[in-house]
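Colleague: Before I ask anything, here is the structure I am working with.
The values are calculated or read from the model by the stated rules, or taken from the named source; none is laboratory data. Since the model is a prediction, treat every value here as computed from it, not as a measurement. A quick note on method: Cβ atoms are made from the backbone with ideal geometry, for glycine too, and the neighbour counts reach across all protein chains shown. Accessible surface areas use protein heavy atoms only, side chains included; no ligands, DNA or RNA. Shrake-Rupley method; radii C 1.70, N 1.55, O 1.52, S 1.80 Å.
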Amino acid sequence: MIQSREMGYRYFDLIMALFVAVLLISNVASSKILLLGPFTFDGGTLLFPISYIFGDILTEVYGYRRSRRVIWAGFACAALMAGVLALV
């Protein structure tokens, strides 16, 4: 049975969007302070490790080449967000 190349990448766009969203949200949320019982955290401390989970999923399932492209896309989106927020 011949399988299409695109069939293996069914959830790639969704995982990429989730990675970039978590990365951007963790950058914005890092300015907020959370009080959880006796512990004090900024929002980014709790959210940013989730981006590593998405990075691992991307690397294991889709390979280093696609994972690297997603990470660079996340970096570009974060740089664009920083530039727009600085301008505003």
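Colleague: Which of the residues spanning segment 68-88 are open to solvent by 50 Å² or more (accessible area, probe 1.4 Å) and within 16 Å of the chain's Cα centre (by Cα)? Before the answer, list the steps.
Modeller: Narrowing segment 68-88 to residues open to solvent by 50 Å² or more (accessible area, probe 1.4 Å): 68-69, 71-72, 75-77, 79-80, 82, 84-88.
Those that are open to solvent by 50 Å² or more (accessible area, probe 1.4 Å) and within 16 Å of the chain's Cα centre (by Cα): ARG68, ARG69, ILE71, TRP72, PHE75, ALA76, CYS77, ALA79, LEU80, ALA82.
Colleague: Would you check which residues across segment 18-67 are part of a helix (DSSP H, G or I), open to solvent by less than 70 Å² (accessible area, probe 1.4 Å) and without any contact (Cβ under 8 Å) to a residue 12 or more places away in the chain and list them?
Modeller: ALA21, PRO49, THR59
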